[in-house]
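Notes for the one structure printed next.
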Amino acid sequence: MPNELQEVKFYQTGTFTVGNRLLEENERAVQANMRRTNSLNSGHRACQGCGEALGARYAIDAAMRATDNKIVAVNATGCLEVFSTPYPESSWQIPWIHSLFGNAAAVASGVAAALRVTGRTSTRVVAQGGDGGTTDIGFGCLSGMFERNDDVLYICYDNEAYMNTGVQRSSATPPTARTATTMAVGKEPGNVFGTGKNVPLIAMAHFIPYVATASVANLRDLEFKVTKAMSIHGARYVHIHVPCPLGWGSAPADTIKLARLAVETGLFPLFEAEHGEITGSTKIRRKVPVEDYLRLQKRFAHLFGAKPDEARLARVQANADRNIAKFGLMD
Amino acid sequence: MNKPYAISLYPGSSLANKTGSWRTSRPMYLDRLPPCNHACPAGENIQGWLYPAESGDYETAWRLLTADNPFPAIMGRVCYHPCEGACNRGKLDESVGINSVERFLGDEAIRRDWKFARPAFESGKHVLVVGAGPSGLSAAYHLRRLGHRVKVIEAGPLPGGMMRFGIPKYRLPRDILDAEVKRLVDMGVVLEMNRKVSNILETVQVGQFDAAFLAVGAHIAKRAYIPAGEAAHMLDAVAVLRGMEGQDKPMLGRRVVVYGGGNTALDVARTAKRMGASEAIIVYRRNREKMPAHDFEVEEALQEGVLIKWLSTIKNMADEGTLTVEKMQLDDKGFPQPTGEFETLEADSLVLALGQDVDLSLLDGVPGLTLKDGTVEVGPNMMTGYAGIFAGGDMVPSERTVTVAVGHGKKAARHIDAWLRGKSYDPPPKHEIAEFDKLNTWYYADAPKTVRPMLELARRTSTFDEVVSGLTETNALFEARRCLSCGNCFECDNCYGVCPDNAVIKLGPGKRFEFNFDYCKGCGICVSECPCGAIKMVPETI
């Protein structure tokens with residue numbers, strides 16, 4: 001009689017939750033650790049349910065563990081800088097420097113050079129900024145840092161618009177989203193389809209050693225990618241999707257849920273690339289239609305009036321389906 | 001602050017900014033009542049004992065389980081597990097195989113010879129229990145745990161009641177029953193067999209008992225008037241099943257007809273098959289949807305070749321072994337009505353399985369009792385109308401299952417204990433139920449239920465070997481880990497991880513978490529992302 005019906009190990013929640021008492025200590029997430037760095041400490045002034053504050057702590061704590069607590073962070077202007085360091089307070093518990101909106105990548109290149117010439121090579125450099133500071137204003141400096149292959153990990157926290165100045169469109173704003181500069185009026189309500197750019201793919205076009213996308217909805221994936229990035233020298237780029245309750249018009253409690261839906265619809269594909277080639281993607285667990293994601297956000301409310309805007313919903317769905325095919329998000 | 005502007009700021013100095021003042025509602029940790037616990041007639045803390053089982057700490061699990069129910073190995077075989085019907089995981093993939101894990105723990109305890117501790121102190125009180133069935137033994141166990149001397153008086157030759165004389169061996173092997181009863185004797189419960197209590201007040205007085213719990217069960221078969229020839233072989237189900245325990249097995253013949261639609265009818269038909277009957281036919285007056293027997297038992301019986309004639313009643317039985325059966329039809333209200341169509345069935349014997357009545361003769365002359373439909377009415381504290389006399393199990397109005405009986409025993413023991421101390425027992429208020437919509441099931445991995453191996457059919461119908469086997473340790477561990485821990489923190493660290501404000505303090509293994517309300521902004525992400533629904537938002541008071 002067959003007694004061993006199932007040989008699989010099953011840990012109740014596997015690695016989907018932050019921690020798991022049934023896993024060995026060293027198999028748990030950095031964020032499960034009672035002695036995690038809390039690089040971005042309490043008392044910061046981010047809105048309730050801020051995805052960026054969460055993403056920044058996830059990423060920098062992981063980078064701290066990966067480098068034995070030896071990093072310098074350079075910060076572009078943006079929400080992250082504004083809410084973390086209003087004079088005279090700072091929420092950062094790591095060496096941290098801010099200069100301008102557009103020059104974070106250049107400052108980071110300089111810090112890396114300074115460390116190199118002074119022989120302090122074990123200290124690593126992380127630059128970080130929002131999508132505005134990365135995909136628009138700091139884009140030239142970023143591209144320069146990439147093409148010189150400077151030893152910097154650049155992290156972009158993508159909340160898809162200029163949030164701290166009042167939700168203006170950036171080149172990372174998704175199609176048809178309403179912002180202060182793309183109002184939901186006229187023939188083409190919200191952000192125009194066919195505009196914007198995909199910076200992870202542009203980073204890959206520089207053939208830098210490592211490019212990855214990550215999401216606050218998938219902590220283990222995010223920590224893995226940051227840790228991997230810190231194990232590599234040269235220019236690296238990690239692009240993290242961080243929902244913004246204020247700019248997206250969503251409930252603060254739904255921040256992680258939205259990030260998860262963005263991944264599960266296929267709208268925000270999670271993938272890794274090395275030297276310009278995609279090396280892997282994180283599979284969708286339970287595919288959902290884009291409508292489930294869009295409906296929870298007021299910036300897409302114009303798609304769901306008395307009569308849903310089927311045509312635009314179909315175009316957004318087509319974008320999601322294209323991502324699923326392009327990045328191999330489903331088996 | 002005498003720092004020059006935009007030069008440098010102290011690390012982590014934002015702690016001076018108490019962002020907790022932004023909050024309009026606050027998260028609160030709570031324990032909700034898991035649906036399995038809520039559904040358990042024996043009041044087991046199922047989620048509670050699955051928790052240590054998940055990490056392989058089976059003894060702790062067993063001790064937690066047996067704090068409510070002394071018979072896990074029996075339960076794991078005969079309980080109809082309403083817990084699994086209520087299990088939230090059933091809405092996700094399949095319900096957790098709670099019953100099979102319970103059985104694994106019970107069998108593990110027998111294998112490793114785990115024993116119950118004797119009570120830490122003796123109360124000096126002496127309680128009489130009448131009847132050594134599941135209810136009486138459960139009461140005896142719980143009373144003993146509470147420090148009372150307990151004597152169980154049983155009319156039959158062996159303890160177990162319907163667990164021995166009603167449930168066939170292929171469902172409950174007797175060595176399992178004996179092992180779990182022996183544990184009670186080892187902790188000081190005194191059993192006296194072969195003595196029928198005929199007058200309860202006299203027995204209490206002579207034995208100088210301080211209280212009594214009656215659980216004599218329902219052993220008298222209900223009869224239906226069926227005209228029959230003198231040589232017709234008609235028996236009742238209780239006698240057949242009881243007879244299986246003795247030396248002289250009942251003679252059923254090759255063609256056996258069982259009349260009734262409860263689990264007992266199925267037990268008899270399946271027993272007949274094992275006794276060598278070529279045909280075992282159940283005649284039932286309604287249809288399968290209306291049948292009181294449990295679906296899985298019907299399924300197992302059909303697999304074993306038991307035939308069921310639905311919508312039929314038996315009109316008479318002639319000498320030569322011919323039954324006349326009338327076809328029935330359900331009316332609008334679902335009641336069977338005769339159609340006037342008849343057919344005949346060949347039968348060597350007819351077994352009536354139409355339910356059982358209680359022998360209430362021991363209560364003759366007890367004042368203040370209320371009897372209803374052949375059972376004794378008891379109050380919410382399980383006490384009869386006569387002070388100090390409590391009753392439970394099949395002799396009080398209730399669903400007649402082993403698990404309900406065990407639950408009665410526990411409940412009665414708590415009230416008897418309070419009554420003996422001149423107090424009343426007030427059960428703690430129940431937590432709100434952890435409904436499915438309180439969970440965030442995203443975090444649980446998909447995992448099918450581990451089905452217990454079944455004895456192959458040929459052996460099942462010819463022997464009394466146990467039909468359903470237990471789980472191996474690997475499978476039991478797997479099954480326990482399928483528990484969603486509904487409504488009760490299982491320390492997954494999600495709240496600690498997902499807080500954008502580091503406002504959740506992790507207190508360490510086994511100590512759970514607390515909120516740092518100096519910084520909690522009340523965003524509610526922790527509530528949304530808690531897998532098991534152990535946090536809720538409450539409005540902030542001004």
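The values are calculated or read from the model by the stated rules, or taken from the named source; none is laboratory data. Just so we're clear, the structure is a prediction, and the values are computed from it rather than from any experiment. As a convention, Cβ positions derive from the backbone with ideal geometry for all residues, glycine included, and neighbour counts pool all protein chains shown. Note: areas computed on protein heavy atoms with side chains; ligands, DNA, RNA excluded. Shrake-Rupley method; radii C 1.70, N 1.55, O 1.52, S 1.80 Å.
A few points about this structure:
- Filtered residues of region B:487-514 (kept if touching a strand residue (DSSP E or B) at 6+ places or on another chain (Cβ under 6 Å) and among the aromatic types (F, W, Y)): B:Y496, B:F513
- Those strands (runs of 3 or more DSSP E) of region B:478-542 in which 1 or more residues are touching a residue at least 12 places away in the same chain (Cβ under 8 Å) and of a type in the set (F, W, Y) occupy B:513-515.
- In summary, A:A59 fulfils each of the numbered conditions (1) closer than 30 Å to B:T441 by Cβ; (2) modelled with pLDDT of 95 or more; (3) open to solvent by less than 40 Å² (accessible area, probe 1.4 Å); (4) within 12 Å of chain B (Cβ to nearest Cβ) with the single exception of condition (4).
- Selected residue (only one of B:R223, B:R286, B:R254, B:R242 is touching a Phe, Trp or Tyr at 6+ places or on another chain (Cβ under 8 Å), farther than 16 Å from B:I308 by Cβ and basic (K, R)): B:R242
- Filtered by the rule that a residue be of a type outside the set (A, V, I, L, M, F, W, C) and part of a strand (DSSP E or B), region B:223-272 gives B:D236, B:R255, B:Y259.
- Region A:269-301, subset hydroxyl-bearing (S, T, Y) and farther than 21 Å from B:D446 by Cα, residue least open to solvent (accessible area, probe 1.4 Å): A:Y293
- A Cβ distance below 9 Å, combined with a sequence gap of six or more or placement on separate chains, defines the contacts here; from region A:217-234, residues that are touching a residue at least 12 places away in the same chain (Cβ under 8 Å) and farther than 26 Å from A:L267 by Cβ reach residues that are in a loop (DSSP other than H, G, I, E, B) and of a type in the set (A, V, I, L, M, F, W, C) in the pairs A:G234/A:I208.
- Any hit, region B:39-55, residues being at pLDDT below 95, out of contact with any helix residue (DSSP H, G or I) (no Cβ under 6 Å at 6 or more places or on another chain) and either in a helix (DSSP H, G or I) or over 26 Å from B:E399 (Cβ atoms) (or both): yes
- Complete set of residues in region A:63-91 that are out of contact with any helix residue (DSSP H, G or I) (no Cβ under 6 Å at 6 or more places or on another chain) and either more than 20 Å from A:Y237 (Cβ to Cβ) or within 9 Å of chain B (Cβ to nearest Cβ) (or both): A:D68, A:N69, A:K70, A:V82, A:F83, A:S84, A:T85, A:P86, A:Y87, A:P88
- Residue that is nearest to B:T271 (Cα to Cα) [pool: residues in region B:145-166 that are part of a loop (DSSP other than H, G, I, E, B) and open to solvent by less than 40 Å² (accessible area, probe 1.4 Å)]: B:G166
- Pairing residues of region B:401-430 that are open to solvent by 30 Å² or more (accessible area, probe 1.4 Å) with residues that are not in a helix (DSSP H, G or I), at Cβ distances under 6 Å and at least 6 apart in sequence or on separate chains, gives B:K411/B:M382; B:R414/B:Y425; B:K430/B:L33.
- Residue within region A:168-177 that is outside any loop (DSSP other than H, G, I, E, B), in the same structural domain as A:S231 (by TED's automatic domain parsing) and modelled with pLDDT of 95 or more present: yes
- Evaluation of B:N502 against the conditions (1) among the polar types (S, T, N, Q); (2) within 33 Å of the chain's Cα centre (by Cα); (3) facing another protein chain (nearest Cβ under 7 Å) shows that the sole unmet condition is (2).
- So B:K430, is it more than 9 Å from every other protein chain (Cβ to nearest Cβ), within 28 Å of A:K287 (Cβ to Cβ) and modelled with pLDDT under 95: no
- Taking the criterion of being open to solvent by less than 60 Å² (accessible area, probe 1.4 Å) and without any contact (Cβ under 8 Å) to a residue 40 or more places away in the chain, the only residue of region A:197-216 that qualifies is A:L201.
- Residue under evaluation B:T474, criteria (1) in a loop (DSSP other than H, G, I, E, B); (2) over 22 Å from the mean Cα position of the chain (by Cα), criterion not met: (1)
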